[in-house]
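The values are calculated or read from the model by the stated rules, or taken from the named source; none is laboratory data. Please read these numbers as outputs of a predicted model, since none were measured by experiment. Backbone-built Cβ (ideal geometry, glycine too); neighbour counts: all protein chains shown.
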Amino acid sequence: MLLLFAVRMVRTGIERAFGSAFKDMVTAPRPRLQTAALGLLLAIILQSSAAVALLVAGFAGAGGLAFGTGLAAALGADLGSALLIQILSLKLDALAPLLMAVGGFLFLKTEKRSFKQAGRIILGIAFILVALRFLRETMEPIRDSGVLPALSAYLEKDFITAFIAGAALAFVMHSSVAAILMCVTVVAIGALPLGAGISLLLGANLGSALIPVWLSRDMEPAGRRIPVANLALRGSAAVLAVLILNLAAIDVFPQALPPAQELILVHIGFNVAVLLIGLPLAPRLESPLRSLLPDPPEEGPTSPSHHRSFLDPAVQHRPAAALASMRREVLRMEQVVEEMVAPAMELYSSYDKRRMQAIRARDLIVNEAFDGIRRYASGIGVEKMSKAEEKELRELLEFAIALEAAGDIVAKGLTALAAEKNDKNIAFSEEGLKELAVMHARVMHNLDLAARVLVSNDPESARLLLSEKDEMRVLHRATRKKHLRRLSAGETTSLESSDVHLETAHALKEINSQIASIAYPILFREGQLLDTRLITRMDETYPET
């Protein structure tokens, strides 16, 4: 459990520090071999090939990534995960106390977000080293018992059972890194023979490929194709390899290497082979997978399914069902607002009146949904509701109000500013445009996070969303300072675009503030939110001298 927690801790720190930058990094056009190298790097950083596979699947499902490119990234991530095993299996126990001290200091004693997340990452690495040491020490007495030798001998003779056990272990742990590190540790102390370890390891490769297939089951077909293709390649290669190595009794490494190192090299070599085979096959797999997982029929450009109301009058007399219906409708509002925000910045670089009108038309959908939610809420019998249900009703209404306000800022603010920029032929400085693009990317990331908070009511995600609000405030302050610095330097471009730049930055900050409001009631309910930031007694802060 410590090993699983530590791997998750490192991944969480990376995602919180750089989450909003991953999309631009992954979806940028590049050759498949370079994309595979990027996937390899991301798997080492995130300590999970499944996390990378889900990342590219999400982008592919949203139409931002081609099938071949996404599959190349997933295959590269599998190799990156294998190389990570080599790194983590080194004898680095002596570094654990130093990493704990540095990580603990950064996480507990610093306020800057990047430092805190760096501390989280360093602590996670330290905990991985500690967990592996505990694992080795725990297995020592078991090795000398009568149970483990008998089990090891059975797994060595029945490689199919060992293969299935490895697949089940990786799938249940939801981490191939943790599962394979366990196998390597057990083989390293001699508690498990190398032959059984190889069968377990190849099974873990199959189980690792199953994880993103399972977790992406509710995605769009375009997103699900990449994990399924990865499973087809990696799974069939694992089955073929375990049969060849065991039935043909092939000695993989004739030279005398430590068994644990042989196991790691088998793992790396297997994933190198899958990558080299998979990259040329990637374009040919798209057509059969498109037949297996076809795209849903298009519903028309102006009326996708989530533009139709989810409010069900038939359940209005049952508070629990009515609240669930309202939650789905508020989520629909959030999706439409996200559709409005996504293309807003493109109007600044290439103004299109029809696109601007389409954004404003979506604001009418948001307004209609909000009116429907208010009418629906007034028809729910409050006398039939518990106090918790009344509170949930108020929270949903408050977030609906915030979403309606965010939609108005886009429709009446950002689009009007983009039109003004176009009409007056105003140009942003390169630095100014980049600053606004960073703020816009952060808003898009937080819209997605807000949707997850709305669905899950997860306090941890709510904390992250609220910390993102603070980050946006820092970004807004920074872009104002940089803009004023450019004005002081006499940059003509910044002078001409000053009003539009500052108002756009303010509008993006306000949109972010509205969508972050979903976090407040959750954190307040959990006791994780202060009532006020104000100092209550001035004499405690400024004592008389």
Test: residue in region 517-539 that is over 27 Å from the mean Cα position of the chain (by Cα), closer than 26 Å to ILE401 by Cα, assigned by TED's automatic domain parsing to the domain that holds ARG328 and modelled with pLDDT of 85 or more: no
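Residues are listed down the side, and each one gets a yes or a no for (1) in contact with a helix residue (DSSP H, G or I) (Cβ under 7 Å, 6 or more places away or on another chain); (2) modelled with pLDDT of 85 or more; (3) over 20 Å from ALA188 (Cα atoms); (4) not assigned by TED's automatic domain parsing to the domain that holds ALA50:
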{"position": "GLY203", "(1), (2), (3), (4)": "yes, yes, no, no"}
{"position": "LEU215", "(1), (2), (3), (4)": "yes, no, yes, no"}
{"position": "ASN230", "(1), (2), (3), (4)": "yes, yes, yes, no"}
{"position": "GLY235", "(1), (2), (3), (4)": "yes, yes, yes, no"}
{"position": "LEU257", "(1), (2), (3), (4)": "no, no, no, no"}
{"position": "LEU265", "(1), (2), (3), (4)": "no, yes, no, no"}
{"position": "ILE268", "(1), (2), (3), (4)": "yes, yes, no, no"}
{"position": "ASN271", "(1), (2), (3), (4)": "yes, yes, yes, no"}
Residues satisfying the stated conditions in region 202-250, i.e. more than 17 Å from VAL52 (Cβ to Cβ) and among the hydroxyl-bearing types (Ser, Thr, Tyr): SER236
Qualifying helices (runs of 4 or more DSSP H) (wholly inside region 36-147; at least 1 residues being more than 17 Å from the chain's Cα centre (by Cα) and at pLDDT 80 or above): 67-88, 96-109, 113-143
Members of region 434-455 that are over 18 Å from ALA402 (Cβ atoms) and surrounded by fewer than 18 Cβ atoms within 10 Å (Cβ to Cβ): LYS434, ALA437, VAL438, ALA441
Qualifying residue in region 60-73 (condition: out of contact with any strand residue (DSSP E or B) (no Cβ under 8 Å at 6 or more places or on another chain), without any contact (Cβ under 8 Å) to a residue 60 or more places away in the chain, surrounded by 20 or more Cβ atoms within 10 Å (Cβ to Cβ) and more than 30 Å from LEU233 (Cα to Cα)): no
Unique residue being at pLDDT 70 or above, over 23 Å from LEU276 (Cβ atoms), surrounded by fewer than 19 Cβ atoms within 10 Å (Cβ to Cβ) and basic (Lys, Arg) when the list is ARG8, ARG30: ARG8
